[in-house]
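Structure, as structure tokens:
The values are calculated or read from the model by the stated rules, or taken from the named source; none is laboratory data. Note that the structure is predicted; figures quoted are calculated from it, not measured. No Cβ is skipped: glycine too gets one built from the backbone with ideal geometry, and neighbour counts run over all protein chains shown.
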């Protein structure tokens, strides 16, 4: 028994990565999901799929029939085992995201003339803020939208109820969705006439284009005509099928880009019916679904659709198979980028490690593991075979040899894992043309990106920031203490042209921002290293400067030329840092402010942040209320605070700041910062 325990201990030094993968390592903590076309460990025998696209080291094709789809699923299950379908059932909201802008939101004109309360404004305000997004012209769904005259506010849902999920928990108190919110149309201009003028009995994120208001609920997308804001009229309804759900959406060039996910049916994987429009099912044929020409975990089919916001008409679709594990979607004006993180060749990793340490591993063991790599069996089966081989080897050792090997393996494995950590985690990238949804290129980088801000397209190159050693293999072989962050630059064909590596040793990325030729990263474990990168030369990007300060920033926002604001935490409180990056080699924290509040929604969503460059102020909600800060003359000053309100968002119309909360809306004059009106939203 003692010998068996010693062997198991030794083997667990050697195979924890495989165990983690089998147990469900695809469940990460990252935020958005969708699955693209990527490489896996083995290639299908059938290479005759239609619409083949080859780029870099990756290639994709469309299924030619339902049977080919079924064969692919069977083969993928053999490669990954039957557990992968349950690995990533956590679905989180995805987001199409886009490159960075700085300065005033929307670039709208400043107000000229008198803006006093009560002044006739026949044409509405000239200065209207927009949702805080990452690229001008690409709007993102959020809970508040305005056209300058009306404000549309989606009230939150409340949850009540009891329900048992297991026989032994019949009396357990669990949340049951009970939508209690709604969408209020508020007459906002002029502010003296503030009033709720209509209600829509639903709730969800909103997009607004002229007279079309789109509402994204948990099970459908509804289009309303709001030309008469007092009488909104439903025009169309797109309902997700029972197996489908919303991933994300964007509004670009007067069209809605909708992304949905549909759980794969192994009995009938296609044709795909992700949703219905006005009770008419939309069908995607088998020949319209892309798959990687290599096997990947597959339990989801994702569909990208281009929709007319006025009619709901589906203009284009494209579908991809993949996994419901973590992924990110990023959109620029020209392209949609889709990422998908997955483990590298794990058995290959161990094989290479054994070859590099052949003095302690017998030749026959190395040769058998090499053959094991090529077996057409599941990962679980390979793990069992690998364990059996290890036990066979160890059973022939004396207790003295076993003790020596155990210590040698622990030390060598840790060293090898740290040096080769970029082989353990891979992120595949697919580039899709926004005009026709065609796949343009595919590529890959090591590690995992954090969120939407980790990707940025600039001058026909893609920049992506990743962390290695802190995701699926954190804690294995010393990787948790030797994680690092990299930035890669990829060309138009998604081939890596240059990189900056090994930033934040032992830490992971907490925030990223790309602005023109510059890149800014914050990593964190105990201190907050703020990195400045020069990305002007795609072949030779450089780390120019670094600043270490306490706390961390989870959101970075450019406030103006060479000024970056960091929103994060220090010692359990919200912390604001104003960075001067005019000298990239010597970034400076010009000022900081510790807010007597424990939380800000800005750390969860950039939509909660508002900058008004005209007045040199920004708004952010907190746990205790809403806060307006000035950044005039490089000083962070709390201009005003609004209490007794669960602040969510803010917007400005001319020189009036509207702070929107769950229970009321408050209007401030930005010239005097006096409250001039408020509206009860609780009724």
| note | Quick count over region 320-355, residues being in a strand (DSSP E or B) and over 23 Å from residue 140 (Cβ atoms), is 3
| query | What do you reckon, is residue 312 touching a residue at least 12 places away in the same chain (Cβ under 8 Å), touching a strand residue (DSSP E or B) at 6+ places or on another chain (Cβ under 6 Å) and in a loop (DSSP other than H, G, I, E, B)? | reply | yes
| message | Name the residue that is surrounded by the most Cβ atoms within 10 Å (Cβ to Cβ), counting only residues in region 621-640 that are in contact with a strand residue (DSSP E or B) (Cβ under 8 Å, 6 or more places away or on another chain) and either part of a loop (DSSP other than H, G, I, E, B) or at positive phi (or both). | response | 631
| said: Suppose the filter is over 29 Å from the mean Cα position of the chain (by Cα), at pLDDT below 95 and farther than 19 Å from residue 154 by Cβ; does residue 644 pass it? | reply: yes
| task | Tell me which of these residue 499 doesn't satisfy, since it passes every other one: (1) more than 26 Å from residue 415 (Cβ to Cβ); (2) modelled with pLDDT of 95 or more; (3) assigned to a strand (DSSP E or B). | result | (1)
| task | Can you give me the number of residues within region 536-584 that are buried (at least 18 other Cβ atoms within 10 Å of the Cβ), over 25 Å from the mean Cα position of the chain (by Cα) and closer than 16 Å to residue 525 by Cα? | result | 2
| query | Can you name every residue in region 448-481 that is at pLDDT below 60, out of contact with any helix residue (DSSP H, G or I) (no Cβ under 6 Å at 6 or more places or on another chain) and on the phi > 0 side of the Ramachandran plot? | reply | 475
| query | Taking residue 520 and the conditions (1) within 16 Å of residue 566 (Cβ to Cβ); (2) surrounded by fewer than 17 Cβ atoms within 10 Å (Cβ to Cβ), which numbered condition does it fall short on, given that it satisfies the others? | reply | (2)
| remark: Subset of region 356-373, residues farther than 17 Å from residue 422 by Cα and either part of a helix (DSSP H, G or I) or touching a residue at least 60 places away in the same chain (Cβ under 8 Å) (or both), comes to 363, 364, 365, 366, 367, 368, 369, 370, 371, 372, 373
| query | Tally time: how many residues in region 272-309 are surrounded by 16 or more Cβ atoms within 10 Å (Cβ to Cβ), at pLDDT 90 or above and either at positive phi or part of a loop (DSSP other than H, G, I, E, B) (or both)? | reply | 1
| query | Inside region 669-683, can you point out the residues that are over 36 Å from the mean Cα position of the chain (by Cα) and closer than 15 Å to residue 646 by Cα? | reply | none
| Within region 659-670, can you find the residues that are in contact (Cβ under 8 Å) with a residue 60 or more places away in the chain and out of contact with any helix residue (DSSP H, G or I) (no Cβ under 8 Å at 6 or more places or on another chain)? | 660, 662, 665, 669
| said: For region 394-440, which positions are within 27 Å of the chain's Cα centre (by Cα), surrounded by fewer than 17 Cβ atoms within 10 Å (Cβ to Cβ) and in a loop (DSSP other than H, G, I, E, B)? | reply: 420, 435, 436, 438
| query | So which residues in region 183-216 are over 22 Å from residue 251 (Cβ atoms) and part of a loop (DSSP other than H, G, I, E, B)? | reply | 189, 190, 194, 201
